[in-house]
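Take a look at the structure below.
Each value in this text was obtained by applying a stated rule to the coordinates, not by laboratory testing. These numbers come from a predicted model, not from an experiment. Every residue, glycine as well, gets a Cβ built from its backbone with ideal geometry; the counts of neighbours run over all protein chains shown.
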Amino acid sequence: MTGLFITFEGVECAGKSTVSRMVAERLRKNGYNVILTSEPAGGRLGMDIRKYVLSKDVTVEGEALLFNVSRYFHVKDVILPALEEGKVVLCDRFCDSTFVYQGIVGGLGVDRLVEMHEEFIGIWPDLTFVFDVDVETAMCRLLERKKVDRFEKRGRIFLERVRNAYLDLVNKFDFRKMIIVDSTKAVEDVAGDVFKAVIKKFKG
Ligand code: Z5A
């Protein structure tokens with residue numbers, strides 16, 4: 001595969017969607033062939049599974065299974081074909097979301113979910129940005145939204161646990177390239193930091 005697979009992770013409202021859009025645009029202007037996709041919405045079942053999981057009372061095991069089914073099709077139909085064509089794939093959330101939300105915070109354990117990932121999904125990102133933001137800032141951004149889903153209603157303590165879980169994951173996965181991004185900075189600066197790191201990765 002000749003493409004580059006880059007994922008964006010972090011607590012809700014850390015700025016992943018905003019910055020991934022800005023970076024995609026900047027890469028395109030610099031001549032790169034980019035696709036921007038996201039989870040849990042991406043792939044043929046993504047929208048339906050996202051809607052179901054975010055609005056219904058699903059057990060944590062159910063969440064892990066559904067997000068993996070959705071990811072299976074997302075990888076097969078969207079991500080792998082793009083990488084095979086040499087594209088840069090920017091994906092807003094991927095496997096680390098399952099490891100954090102269902103594995104660490106939800107209590108299923110990361111190792112079981114990593115095994116499942118390796119067996120059924122079978123692809124790791126080349127580079128992962130973990131958007132780190134303090135809970136106060138994330139809460140302020142969240143409260144500005146008119147509509148919040150059942151995940152987002154879980155509040156401050158939950159956000160803190162998610163944030164810490166991401167930081168633990170970066171230490172655990174020392175075989176992967178994961179970069180912590182300070183996303184309390186101005187959004188243009190955050191996008192600039194990420195863009196530079198992507199270009200550096202391209203240059204080897
Ligand atoms: N989930 C899971 O449990 N397991 C899984 O395997 C997967 C997902 C794949 C997805 O929700 C939920 O599913 C998510 C985890 C779970 N749960 N929660 N809670 P989603 O798709 O609805 O949402 P999200 O992925 O969390 O996206 P988000 O909330 O939109 O966050 P974001 O993309 O990081 O933030 P943003 O939309 O770019 O920015 C939010 C606001 O902050 C917006 O008004 C921006 O203008 C502002 N912003 C962003 N950056 C800045 C900076 N730097 N300065 C100032 N303001 C900023």
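Brief remarks follow.
- Set 51/147; 147/196; 51/196; 16/153; 172/196; 29/147 screened for pairs whose C-alpha atoms are more than 23 Å apart: 147/196; 51/196; 172/196; 29/147
- Between residue 168 and residue 147, full extension at 0.36 nm per residue minus the direct alpha carbon distance yields a gain of 4.6 nm.
- Debye equation applied to the C-alpha atoms of the chain, log10 I(q)/I(0) at 0.08, 0.14 Å⁻¹: -0.25, -0.81
- Relative packing of peptides 122-134, 61-73 - highest average C-beta neighbours within 10 Å first: 122-134, 61-73
- Peptide packing: for 167-178, 40-51, 9-20, 188-199, the average count of neighbouring Cβ atoms within 10 Å per residue gives the ranking 9-20, 40-51, 188-199, 167-178, highest mean first.
- Residue 14 sits among other residues whose Cβ lies under 12 Å from its own Cβ, and their net charge, with Lys and Arg +1 and Asp and Glu -1, is -1.
- Length-normalised contact order of the chain in % [C-alpha pairs under 8 Å, at least 6 apart]: 32
- Taking a point 7 Å out from the Cα of residue 2 in the direction of its Cβ, the residues of the stretch 112-128 whose backbone N falls within less than 20 Å of it are 126-127.
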